[in-house]
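Each remark here refers to the structure printed beneath this line.
The values are calculated or read from the model by the stated rules, or taken from the named source; none is laboratory data. In this text the structure is predicted, and so the values were computed from the model without any measurement. Here the Cβ positions follow ideal geometry from the backbone for every residue, glycine too, while neighbour counts run over all protein chains shown.
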Amino acid sequence: MAELTKLEAKLGEVTGLAMAAQAATEKVIGLTEVEDSDLAAKLEKMHQEAVETEQRCTDLAGRFDGKKTAILEEARTTKAKGAEMMRTYLDADSDALDGFEFLTMAEAGEVGHWSVLKTLNQKAGHAEVGKLVEWALPIQERHLAGALSGSVKLSAEEDPDEPA
């Protein structure tokens with residue numbers, strides 16, 4: 001398999017995070033739809049944007065000569081790590097608030113990875129990576145803000161004196 005540059009490996013990671021985000025939003029929709037249909041609808045939009053992000057990343061990976069397979073292998077590895085984190089954090093007793101807290105952490109990680117890709121590309125000067133980052137980073141920042149606001153909204157409805 002082709003050896004990846006740091007830029008190409010980071011593209012693989014953000015692709016894998018978009019894959020993992022699809023599974024995470026599906027899981028949290030399941031935890032949320034009965035409790036708060038408005039939040040569940042916002043998660044549906046996040047899910048669709050994660051699908052589009054994965055597609056755009058995969059398309060771009062195909063433009064790296066002879067490296068698409070290696071980039072997508074990096075993506076699958078990252079997706080598996082995300083799935084393991086989700087299984088660890090969200091168990092059978094998890095509720096909507098737990099789901100949104102997990103999404104807050106996951107979205108912060110995505111913003112971080114996209115920011116690193118942006119910084120790496122400032123030196124690399126890859127025009128297509130630059131366009132992808134310009135498109136995706138604001139979406140990820142919005143996802144983080146939405147996950148955080150969902151966590152805050154759901155926590156405001158909790159009784160702080162109730163047993164955990």
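Condition check ((1) at positive phi; (2) within 14 Å of the chain's Cα centre (by Cα); (3) not polar (S, T, N, Q)) across all residues:
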| residue | (1), (2), (3) |
| --- | --- |
| PHE100 | no, yes, yes |
| THR104 | no, yes, no |
| LEU120 | no, no, yes |
| HIS126 | no, no, yes |
| GLY130 | no, no, yes |
| PRO138 | no, yes, yes |
| ARG142 | no, yes, yes |
| VAL152 | no, no, yes |
| SER155 | no, no, no |
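Regarding the stretch 61-76, can at least one residue be identified that is in a loop (DSSP other than H, G, I, E, B) and free of Cβ contacts under 8 Å to residues at least 24 places away in the same chain?
For the stretch 61-76, residues in a loop (DSSP other than H, G, I, E, B) and free of Cβ contacts under 8 Å to residues at least 24 places away in the same chain: present.
Looking at the stretch 12-32, which of its residues are under 22 Å from VAL152 (Cβ atoms) and either of a type outside the set (Ser, Thr, Tyr) or not in a helix (DSSP H, G or I) (or both)?
Within the stretch 12-32, the first condition is being under 22 Å from VAL152 (Cβ atoms), and the residues that meet it are 21, 24-25, 27-32.
Answer for the stretch 12-32, where residues must be under 22 Å from VAL152 (Cβ atoms) and either of a type outside the set (Ser, Thr, Tyr) or not in a helix (DSSP H, G or I) (or both): ALA21, ALA24, LYS27, VAL28, ILE29, GLY30, LEU31.
Suppose the filter is without any contact (Cβ under 8 Å) to a residue 60 or more places away in the chain, surrounded by fewer than 20 Cβ atoms within 10 Å (Cβ to Cβ) and farther than 13 Å from LEU17 by Cβ; does GLU101 pass it? Break it down stepwise before answering.
On the way: without any contact (Cβ under 8 Å) to a residue 60 or more places away in the chain: yes; surrounded by fewer than 20 Cβ atoms within 10 Å (Cβ to Cβ): no; farther than 13 Å from LEU17 by Cβ: yes.
No: the conditions fail for GLU101.
Residue-by-condition table, conditions (1) over 12 Å from the mean Cα position of the chain (by Cα); (2) at pLDDT below 95; (3) more than 22 Å from LEU97 (Cα to Cα):
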position: ALA18; (1), (2), (3): no, no, no
position: GLN22; (1), (2), (3): no, no, no
position: GLU33; (1), (2), (3): yes, yes, no
position: LYS42; (1), (2), (3): yes, no, no
position: MET46; (1), (2), (3): no, no, no
position: VAL51; (1), (2), (3): no, no, yes
position: ALA61; (1), (2), (3): yes, no, yes
position: PHE64; (1), (2), (3): yes, no, yes
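Can you tell which of ALA92, ALA96 is at negative phi, surrounded by fewer than 14 Cβ atoms within 10 Å (Cβ to Cβ) and of a type outside the set (Lys, Arg)? Full working, then the answer.
On the way: ALA96 fails: surrounded by fewer than 14 Cβ atoms within 10 Å (Cβ to Cβ).
Exactly one of ALA92, ALA96 is at negative phi, surrounded by fewer than 14 Cβ atoms within 10 Å (Cβ to Cβ) and of a type outside the set (Lys, Arg), namely ALA92.
Taking the criterion of being surrounded by 19 or more Cβ atoms within 10 Å (Cβ to Cβ), under 30 Å from MET1 (Cβ atoms) and in contact with a Ser or Thr (Cβ under 7 Å, 6 or more places away or on another chain), would at least one residue in the stretch 74-82 satisfy it? If you could, list the steps in order and put the result at the bottom.
Restricting attention to the stretch 74-82, the residues satisfying the condition of being surrounded by 19 or more Cβ atoms within 10 Å (Cβ to Cβ) are 74-75, 78-79, 82.
If we keep only those that are under 30 Å from MET1 (Cβ atoms) as well, we get 74-75, 78-79, 82.
Then drop every residue that is not in contact with a Ser or Thr (Cβ under 7 Å, 6 or more places away or on another chain), which leaves 75.
The answer is yes, given that some residue of the stretch 74-82 is surrounded by 19 or more Cβ atoms within 10 Å (Cβ to Cβ), under 30 Å from MET1 (Cβ atoms) and in contact with a Ser or Thr (Cβ under 7 Å, 6 or more places away or on another chain).
Every residue in the stretch 108-145 that is of a type in the set (Asp, Glu) and farther than 22 Å from GLY82 by Cβ, please.
Start the filter on the stretch 108-145 by keeping residues that are of a type in the set (Asp, Glu), which leaves 110, 128, 134, 141.
If the condition is that a residue be of a type in the set (Asp, Glu) and farther than 22 Å from GLY82 by Cβ, then GLU128, GLU134 are the ones that fit.
Condition check: among the hydrophobic types (A, V, I, L, M, F, W, C), surrounded by 24 or more Cβ atoms within 10 Å (Cβ to Cβ) and over 16 Å from GLU110 (Cα atoms). Does VAL28 satisfy that? Break it down stepwise before answering.
Working: among the hydrophobic types (A, V, I, L, M, F, W, C): yes; surrounded by 24 or more Cβ atoms within 10 Å (Cβ to Cβ): yes; over 16 Å from GLU110 (Cα atoms): yes.
Yes, satisfied.
Taking the residues in the stretch 40-73 that are over 20 Å from LYS10 (Cα atoms) and charged (D, E, K, R) as candidates, determine which candidate is surrounded by the most Cβ atoms within 10 Å (Cβ to Cβ). Talk me through it step by step, then tell me what you get.
First, the residues of the stretch 40-73 that are over 20 Å from LYS10 (Cα atoms): 40-48.
Subsequent filtering for residues that are charged (D, E, K, R) retains 42, 44-45.
Numbers: LYS42: 19, GLU44: 14, LYS45: 13.
Filtering the stretch 40-73 for residues that are over 20 Å from LYS10 (Cα atoms) and charged (D, E, K, R), the one surrounded by the most Cβ atoms within 10 Å (Cβ to Cβ) comes out as LYS42.
Given GLU162, GLU158, which one is more than 21 Å from VAL28 (Cα to Cα) and of a type in the set (Asp, Glu)?
It is GLU162.
Going through GLU35, GLU84 one at a time, which residue ends up being among the acidic types (Asp, Glu), within 27 Å of LYS153 (Cα to Cα) and free of Cβ contacts under 8 Å to residues at least 40 places away in the same chain?
After ruling out the rest, the residue left standing is GLU84.
Which numbered condition trips up MET19, out of (1) surrounded by 19 or more Cβ atoms within 10 Å (Cβ to Cβ); (2) closer than 30 Å to PRO160 by Cα; (3) aliphatic (A, V, I, L, M)?
(2)
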